[in-house]
Amino acid sequence: KQEVTQIPAALSVPEGENLVLNCSFTDSAIYNLQWFRQDPGKGLTSLLLIQSSQREQTSGRLNASLDKSSGRSTLYIAASQPGDSATYLCAVKTGANNLFFGTGTRLTVIP
Amino acid sequence: KAGVTQTPRYLIKTRGQQVTLSCSPISGHRSVSWYQQTPGQGLQFLFEYFSETQRNKGNFPGRFSGRQFSNSRSEMNVSTLELGDSALYLCASSLAGGAYTDTQYFGPGTRLTVL
């Protein structure tokens with residue numbers, strides 16, 4: 001069974017700092033990996049989707065990489081802002097059209 | 001284009017009751033998936049519907065069921081509610097092309113509290 005782990009569980013950084021969030025998964029037979037953001041009590045906002053054949057995706061200050069063979073992905077956030085404070089979730093899609101989610105990293109950016 | 005909508009947003013029920021949640025996908029999307037989010041278990045997949053048929057199912061008891069209508073709108077039902085069913089229920093829609101590589105877009109969720 002696919003298991004997805006995110007480290008660290010919580011992270012607190014001063015504004016302006018660059019940071020990296022980690023995601024690992026046990027079964028490398030994935031179709032894609034997606035990073036989401038969730039604000040308290042809200043739904044999920046898709047940030048980046050990396051297909052299994054891709055190595056990375058970029059959107060603005062966000063860059064996500066994927067190493068399928070080692071079962072790892074990282075989300076790099078440049079020049080963090082207080083508005084980036086949220087929980088970040090990674091999810092992998094395997095054979096069926098459903099996602100396996102990690103437990104998330106709660107990020108706090110201190111002004 | 002309007003996003004995924006879910007109704008109601010908040011719901012309070014008592015043990016033993018049953019509840020129905022609704023999800024309207026993005027126009028043109030034919031796949032609707034449901035997820036349960038709890039502090040203890042995180043986000044877990046419930047089931048997926050495509051073209052009015054349940055295509056995939058997670059590891060939940062039969063008290064959890066769903067259906068999809070011809071306009072792709074979906075409902076999920078939970079019968080005989082238990083305290084542990086208190087959660088945020090999220091639905092997600094996608095185009096669901098044959099390669100299963102498309103992005104899932106999530107709604108705001110329905111917060112269910114069982115007393």
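The values are calculated or read from the model by the stated rules, or taken from the named source; none is laboratory data. Keep in mind that what you see is a predicted model, and the values were worked out from it rather than measured. Here Cβ is always computed from backbone atoms with ideal geometry, including for glycine, and neighbour counts include all displayed protein chains. Heads up: the accessible areas ignore ligands, DNA and RNA and are worked out on the full protein's heavy atoms, side chains in. Shrake-Rupley method; radii C 1.70, N 1.55, O 1.52, S 1.80 Å.
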Of all DSSP beta bridges with both partners in the protein assembly as shown, the antiparallel percent, nearest 5, is 90
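How much area per residue is accessible in the protein assembly as shown when the probe is 1.4 Å and only protein heavy atoms are counted (Å²)? List each step's numbers first, then the result.
Working: 10390 Å² over 226 residues.
Counting only protein heavy atoms, the per-residue value for the protein assembly as shown is 46 Å².
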Taking the Cα centre as origin and putting +1 on Lys and Arg beta-carbons and -1 on Asp and Glu beta-carbons, what dipole magnitude results for the stretch B:1-61, to the nearest 20 debye? 100
Measuring from label point to label point, each 7 Å out along Cα→Cβ, what is the A:R72 to B:T14 span in nm? 5.4
For chain B, what does the relative contact order come out to in percent, with C-alpha contacts under 8 Å and a separation of six or more? 36
extent check for chain B: Cα max minus min per principal axis, descending, whole Å, gives 40, 27, 26
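Where the only charges are on Cβ atoms (+1 Lys, Arg; -1 Asp, Glu), what is the dipole of chain A about its Cα centre, to the nearest 20 debye? Walk me through the numbers on the way to the answer.
Numbers: 9 positive and 8 negative charges, 49 e Å.
Here chain A has a charge dipole of around 240 debye.
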How big is the equivalent ellipsoid of the stretch A:1-50 along its three axes, where each semi-axis is √(5λ) from the Cα gyration tensor, reported in whole Å from largest to smallest? 23, 15, 12
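Return the loop-located GluC sites (Glu not before Pro) in the stretch B:52-115 (DSSP other than H, G, I, E, B) with at most 16 other Cβ atoms within 10 Å of their own Cβ; answer none if there are none. Write out the running numbers ahead of the final one.
Values: sites: B:E52, B:E75, B:E82; in loops: B:E52, B:E82.
Listed in order of number, the matching sites are B:E52, B:E82.
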Return a whole-number percent for the relative contact order of chain A, with Cα pairs under 8 Å and 6 or more residues apart as the contact set. 38
With the charge dipole of the protein assembly as shown built from beta-carbon charges (+1 for Lys and Arg, -1 for Asp and Glu) about the Cα centre, the Cα from B:L83, A:V109, A:L75 projecting farthest to the positive end belongs to B:L83
Cα-based Debye curve of the protein assembly as shown sampled at q = 0.09, 0.11, 0.13, 0.16 Å⁻¹ gives log₁₀ I(q)/I(0) of -0.36, -0.54, -0.76, -1.12
Going Cα to Cα from B:K13, which lysines come in below 22 Å? Please leave out same-chain ones fewer than 8 positions away. A:K42
Convex hull volume per residue for the stretch B:49-113, taking Cα atoms only, in Å³: 102
For the stretch B:36-52, list whatever residues lose no less than 30 Å² of accessible surface once every protein chain is in place, relative to that chain by itself, with the probe at 1.4 Å. B:Q37, B:L43, B:F45
Heavy-atom accessible area of the stretch B:24-64 with neighbours in place, 1.4 angstrom probe: carbon+sulfur share in percent works out to 44
Filtered hits (aspartates and glutamates, Cα-Cα < 15 Å from A:K1, offset >= 8 within chain) -> A:D27
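Starting from the Kirkwood radius over alpha-carbon pairs of chain A, derive D by Stokes-Einstein at 20 °C in a medium of 1.002 mPa s and give it in µm² s⁻¹.
Working: Rh = 13.9 Å.
The estimated diffusion coefficient comes to 154 µm²/s.
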Restricting to Cα pairs under 8 Å and 6 or more apart, the percent relative contact order of the stretch B:50-92 works out to 32
